[in-house]
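Engineer: The structure is given below, and queries will be raised subsequently.
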Amino acid sequence: MSFVTYDIIFLVLFLAAVSIFLYKRKKNLKREGLLYLYKTKWGINLINFIGKKYKRTLKVLSYLSIISGYLLMISMFYLAYTLVRIYVFNPEVVKAIKIPPILPLVPYLPQIFKLEFLPPFYFTYWIIIIAVIAITHEMAHGIFASYNKIKIKTTGFGFFPYFLPIFLAAFVEPDEKIMQKKTKFSQMTVLSAGTFANVLTAILFFVILMLFSSLAFTPSGVIFDKYAVATITVSGISAINNITLNNQSYQHILNLANETGFNELRFEGKSYLATRDILEKQEENESIFVYYSAPAIKENLSGIITEVNNVKINSIEKLVGELSKYSPGDEITIKTLTKDNFTEKKIMLEENPERKGVAWLGIAFISQKRSGFLAKIIDNISFRKQNVYYKPKFDGLSIFIYNLIWWIVIISISVALINMLPVGIFDGGKFFYLTVLAVTKSEKIAKKSFTCLTRFFLFLLFLLIILWAVSFLR
């Protein structure tokens with residue numbers, strides 16, 4: 001059976017166990033809004049122990065927590081601006097990503113929407129990540145509350161009661177009356193503590209990911225993006241498929257092009273290749289992109305290049321260095337990996353059209369660096385060079401653990417950012433309110449600022465949803 005089958009079995013067993021557990025302890029359940037809360041005393045003794053024993057450390061961390069809160073809030077303003085800019089000016093990107101601007105990360109979401117830039121997300125991941133992130137987040141709230149002598153009334157977890165009893169969040173319930181009597185600094189420390197814990201969690205697992213990546217994977221091949229591309233002018237094409245052109249009109253060229261496979265184009269005495277689809281997409285252009293008639297494309301080279309003449313290839317530099325040892329006309333054997341099957345091809349190298357006397361294969365590498373705040377985070381925590389194939393040392397287990405840790409880092413950062421959004425339901429809402437109150441000394445101004453900013457972000461969310469829907473109509 002595939003892992004997905006085991007994952008679904010685990011989901012069913014988990015839901016059954018949780019349902020039985022909650023049914024037997026239904027007296028502990030309390031409805032608050034859309035959620036049911038299961039209140040307990042779990043962890044309160046540990047929270048109080050840490051909050052009272054490590055006061056010096058927590059005093060220093062209080063300042064770092066508040067600084068972290070402001071940095072995260074500023075990041076959310078920048079992120080909101082970036083999203084609006086993308087949704088307004090780059091609807092094709094929105095349409096390509098497919099997912100709406102607001103959607104919780106649920107099991108199998110990347111697989112359902114075919115988001116190839118994200119690793120798969122399983123129910124097993126979801127449960128482990130919730131345990132790691134939610135517990136550390138709420139424990140931090142509780143520890144800093146205890147440090148500031150705010151009583152912890154209960155702990156527990158909440159879940160959405162409709163359809164399936166799935167955990168959505170953990171919680172620590174401080175005594176609100178006591179908390180409101182504390183200084184603004186103390187309240188802001190407690191409010192920002194959860195997101196600060198998420199940042200520390202992300203940093204910790206970032207280091208773990210780096211170490212695990214170096215131990216569990218080894219570079220074992222090179223992945224090329226496409227064949228080498230050239231630019232030619234339509235008016236300069238002298239023949240197509242050995243048929244001399246008396247009329248260089250684009251429509252005439254298309255009429256002579258084969259429906260399938262590559263078409264050979266002659267331009268300034270040299271051969272180039274292009275499919276009919278490539279030609280049709282550039283019909284309005286005077287200059288068009290085509291492929292060089294190079295060894296790689298003529299031999300239909302594909303997959304991951306792992307060896308050249310029995311020399312193992314583990315980087316682009318290694319591949320370039322090995323090919324530089326040969327001359328035009330030399331025959332080499334290239335070993336490639338495609339869907340777990342190795343194949344070997346004998347390919348005769350040709351002269352590089354840009355460098356006389358230099359042999360070339362005719363493959364190309366495209367930089368895949370993405371722009372945007374979250375995209376840069378995704379790129380920077382992969383610990384993998386672009387176009388390099390990393391072979392897992394422990395087969396599927398290496399990939400499973402790597403993706404799990406990767407998701408913990410990404411979701412920890414995401415939870416920290418979202419919770420510092422200056423909107424009423426998040427920690428950032430009250431944090432922003434206290435900031436304005438401390439600066440203006442006016443509750444009226446603080447409440448009005450808080451209300452206006454909340455409405456502003458709700459308006460942006462509504463705008464993004466509309467722009468997302470409109471992008472599919474274009």
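Engineer: Could you look at the chain and say what percent of its accessible area is carbon and sulfur, using a 1.4 Å probe and all protein chains?
Structural biologist: Of all accessible area on the chain, carbon and sulfur atoms account for 63 percent.
Engineer: Within 10 Å of each candidate Cβ there may be at most 12 other Cβ atoms; applying that plus a DSSP loop requirement, which trypsin sites (Lys or Arg not before Pro) in the stretch 40-111 survive? Walk me through the numbers on the way to the answer.
Structural biologist: Numbers: sites: Lys41, Lys52, Lys53, Lys55, Arg56, Lys59, Arg85, Lys95, Lys98; in loops: Lys41, Lys98.
Within the stretch 40-111, the qualifying trypsin sites (Lys or Arg not before Pro) (loop, at most 12 other Cβ atoms within 10 Å) are Lys41.
Engineer: Fully extended, how many nm does the chain gain between Val12 and Asn285 (0.36 nm per residue separation, minus their Cα-Cα distance)?
Structural biologist: Working: separation 273, 0.36 × 273 = 98.28 nm, distance 5.60 nm.
Here the answer is 92.7 nm.
Engineer: Per residue of the chain, what 222 nm ellipticity follows from adding -39500 (n - 2.57) for every DSSP H run with n ≥ 4, rounded to the nearest 500?
Structural biologist: -16500 deg cm²/dmol
Engineer: Continuing with the same structure: Between Lys391 and Ile425, take the C-beta separation as r, use R0 = 51 Å, and let me know the FRET efficiency to the nearest 0.05.
Structural biologist: According to the calculation, E is roughly 0.65.
Engineer: Using label points projected 7 Å from each Cα along Cα→Cβ, tell me how many nm separate Lys325 and Phe185, to one decimal.
Structural biologist: The two pseudo-label positions are separated by 6.7 nm.
Engineer: Which of the DSSP-defined H helices in the chain satisfy a minimum axial length of 24 Å, computed from C-alpha atoms, and a minimum mean Kyte-Doolittle hydropathy of 1.0?
Structural biologist: Qualifying helices: 3-24, 55-89, 123-147, 184-216, 396-419, 443-471.
Engineer: Okay, next question. For the stretch 251-377, just say rounded, prolate or oblate: build the C-alpha gyration tensor, square-root its eigenvalues into a ≥ b ≥ c, call rounded for a/c under 1.5, and beyond that prolate if a/b exceeds b/c, oblate if not.
Structural biologist: oblate
Engineer: Would you mind working out the accessible area per residue for the chain, using a 1.4 Å probe, and quoting it in Å²?
Structural biologist: 56
Engineer: On full extension of the chain, what length is gained from Thr231 through Lys59, given 0.36 nm per residue of separation minus the C-alpha to C-alpha distance?
Structural biologist: 55.6 nm
Engineer: Determine the gain in length on full extension of the stretch Leu29-Thr451; use 0.36 nm per residue of separation and subtract their C-alpha separation, reporting nm with one decimal.
Structural biologist: Contour length minus the Cα-Cα distance gives 148.8 nm.
Engineer: What percentage of all Cα-Cα pairs in the stretch 32-93 are separated by more than 13 Å?
Structural biologist: Values: 1466 of 1891 pairs.
Considering the stretch 32-93, 78 percent of its Cα-Cα pairs are separated by more than 13 Å.
Engineer: Could you check the spin-label model distance between Met348 and Ile399? Points 7 Å from the Cα along Cα→Cβ, value in nm.
Structural biologist: For Met348 paired with Ile399, the spin-label model returns 3.8 nm.
Engineer: Which of the pairs Lys335/Lys385; Lys26/Lys55; Lys27/Lys177 have their Cα atoms more than 32 Å apart in this structure?
Structural biologist: Lys26/Lys55
Engineer: If I model a spin label as a point 7 Å beyond the Cα along the Cα-Cβ vector, how far apart are those points for Leu211 and Ser315 in nm?
Structural biologist: 2.4
Engineer: Next question. Which value in Å does the Kirkwood hydrodynamic radius of the stretch 406-460 take, with 1/r averaged over all unlike C-alpha pairs and then inverted? Walk me through the intermediate numbers first.
Structural biologist: On the way: mean 1/r = 0.0842 Å⁻¹.
Evaluated over the stretch 406-460, this radius sits at 11.9 Å.
Engineer: Also: Would you please classify the overall shape of the chain from the alpha carbon gyration tensor, given that a ≥ b ≥ c denote the square roots of the eigenvalues, rounded means a/c under 1.5, and beyond that prolate means a/b larger than b/c while oblate covers the rest?
Structural biologist: prolate
Engineer: Tell me which GluC sites (Glu not before Pro) from the stretch 264-306 have a DSSP coil assignment and no more than 12 other beta carbons within 10 Å of their own. Each step should come with its number before you reach the end.
Structural biologist: Working: sites: Glu264, Glu268, Glu280, Glu283, Glu284, Glu286, Glu299; in loops: Glu268, Glu283, Glu284, Glu286, Glu299.
Listed in order of number, the matching sites are Glu268, Glu283, Glu284, Glu286.
Engineer: What is the distance in Å between the Cα centres of the stretch 30-89 and the stretch 396-436?
Structural biologist: 9
The values are calculated or read from the model by the stated rules, or taken from the named source; none is laboratory data. The model shown is predicted, which means the values in this text are computed figures rather than measured ones. Note that each Cβ is placed from the backbone with ideal geometry, even for glycine, and that neighbours are counted across all protein chains shown. Remember, those area values only see protein heavy atoms, side chains included, never the ligands or the DNA or RNA. Shrake-Rupley method; radii C 1.70, N 1.55, O 1.52, S 1.80 Å.
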